[in-house]
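Working notes, beginning with the structure itself.
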Amino acid sequence: MSRKIRYGMVGGGRGAFIGAVHRIAANMDGQIELKCGAFSSDPERSRASGADLFLDPDRCYGTFQEMIRAEAKLPASQRMDFVAIVTPNHMHFPPARMALENGFHVLSDKPATFNLAEAKALAALVKKTGLLYGLTHNYTGYPLVKEARDMVRAGKLGKIRKVVVEYPQGWLATRLEATGQKQAGWRTDPKRSGAAGSMGDIGTHAENLAEYVTGLHIEELAADITTFVKGRRLDDDGNVLLRFKGGAKGVLHCSQISVGEENNINLRVYGEKGGIEWHQREPNSMLVKWQDQPMQVYRTANGYLGANAKAASRTPPAHPEGYLEAFANLYRNFANAIRAHNDGRKPARDDVANDYPKIEDGVRGMAFIEAVLKSSKANARWTKLGV
């Protein structure tokens, strides 16, 4: 393919946060271009949002259904290649299903769907159509996260014994949703967010990061979730014990009422030989710890890093790289996967075109949420994931 990859966006109109992040990430490498969109559930707002982005008025649609039907009728040389879904959770599944049914690849914000049943149905459809589905667990896009994963794969840390992953925030320490704040409003609404609050919003990021780096799947868990803010309908804090396939144990906690915390996701992994420690607040550094030698500090973009970390690094050492660049790495890899798909090539496991979260990760995320809720209702009883 000797052209840019074209996409249409569902959601992300005026006043939205994550839609702008997706557009910046998609545009960063100059390989992807936004051609159309249904940016809001309000048709007028959707078209106005498209005008803000200087899109062709004829391709600023009132609904996602209208967009997908119209794009499917365009010549192959003009229509979009994939749909980016950046809506609240309850509107992830319907456009993803319709896009796949009409021949379009899908890249969706997380979690994949509203519930586990929808995620499993979507996985079946992805398999049936043979199309690509990606999920923007953007923390997997950081260079040193990839280095940590490759160190585990290569056995440098030895057999993994313990995993500690945390994602505390403090922005919902008060009942912000009662003030009309848009992001707080939908994230604390079970009709739009789903059955979980903090666990669905950021707990799934922590779960995915732990599984991505270690290559281990969570088999069962014991969870205790709480709603601390009076009047809130979903959990705003949670603590989970984890048992991984292969015998490793773990601890996961997420919180949106930890006063003073920002997006403080961090990960520690300990094996028989060594361990790693990575913090998103300082993403360009990773601590590497050994039994018989001093602790090392790995830094992004240096020559001693492996191929995957180098491929994910965008600037020379000491130039800050962060959230947007990690997000852009997912978009770049997904675009390369589309090129390979359209050229009839299947990327190898270690090909960077294959390095993005997929529908299987989405199913596991929804199974994690369901198991957490079930366990907590049963007084933190050990509960297996339903996958």
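The values are calculated or read from the model by the stated rules, or taken from the named source; none is laboratory data. Quick caveat: nothing in here was measured; it's all calculated off a predicted structure. Please note: Cβ atoms are built from the backbone with ideal geometry, for glycine as well, and neighbour counts cover all protein chains shown.
Tabulated results
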read-out	value
Tally, over segment 184-199, of residues that are assigned to a helix (DSSP H, G or I), over 15 Å from residue 263 (Cα atoms) and not hydrophobic (A, V, I, L, M, F, W, C)	6
Subset of segment 30-69 [aliphatic (A, V, I, L, M) and within 19 Å of residue 99 (Cα to Cα)]	32, 34, 38, 67, 68
Residue list for segment 271-292, filter: of a type in the set (S, T, N, Q) and at pLDDT 95 or above	280, 284, 285
Residue in segment 110-133 that is small (Gly, Ala, Ser), part of a loop (DSSP other than H, G, I, E, B), within 14 Å of residue 8 (Cα to Cα) and outside the structural domain of residue 200 (by TED's automatic domain parsing) present	no
Residue within segment 75-85 that is crowded, with 18+ Cβ neighbours inside 10 Å and in a helix (DSSP H, G or I) present	no
Unique match (being surrounded by 24 or more Cβ atoms within 10 Å (Cβ to Cβ), part of a strand (DSSP E or B) and in contact (Cβ under 8 Å) with a residue 60 or more places away in the chain) among 251, 213, 240, 164	240
Contacts under 7 angstrom Cβ, first residue in segment 138-154 being charged (D, E, K, R), partner surrounded by 24 or more Cβ atoms within 10 Å (Cβ to Cβ), 6 or more apart	146/309; 146/312; 147/286; 147/309; 149/213
Among residues of segment 14-65, those that are part of a helix (DSSP H, G or I), in contact with a helix residue (DSSP H, G or I) (Cβ under 6 Å, 6 or more places away or on another chain) and closer than 27 Å to residue 76 by Cβ, counted	3
All positions within segment 339-387 that are more than 18 Å from the chain's Cα centre (by Cα), within 30 Å of residue 5 (Cβ to Cβ) and aliphatic (A, V, I, L, M)	340, 348
Residues (among the hydroxyl-bearing types (Ser, Thr, Tyr) and assigned to a helix (DSSP H, G or I)) located in segment 268-326	323
Selection count, segment 254-267, where residues are buried (at least 19 other Cβ atoms within 10 Å of the Cβ) and either over 17 Å from the mean Cα position of the chain (by Cα) or not assigned by TED's automatic domain parsing to the domain that holds residue 236 (or both)	4
Those residues of segment 341-387 which are closer than 21 Å to residue 326 by Cβ and hydroxyl-bearing (Ser, Thr, Tyr), in sequence order	356
Unique residue being free of Cβ contacts under 8 Å to residues at least 12 places away in the same chain, surrounded by fewer than 22 Cβ atoms within 10 Å (Cβ to Cβ) and of a type in the set (Val, Ile, Thr) when the list is 129, 179, 226	179
Among (1) under 30 Å from residue 219 (Cβ atoms); (2) within 19 Å of the chain's Cα centre (by Cα); (3) of a type outside the set (Lys, Arg) - the single one residue 239 does not satisfy	(2)
Segment 355-372 residues that are in contact (Cβ under 8 Å) with a residue 40 or more places away in the chain, paired with ones that are among the aromatic types (Phe, Trp, Tyr) and assigned to a helix (DSSP H, G or I) (beta carbon under 9 Å, 6 or more apart)	356/331; 356/334; 357/212; 361/212
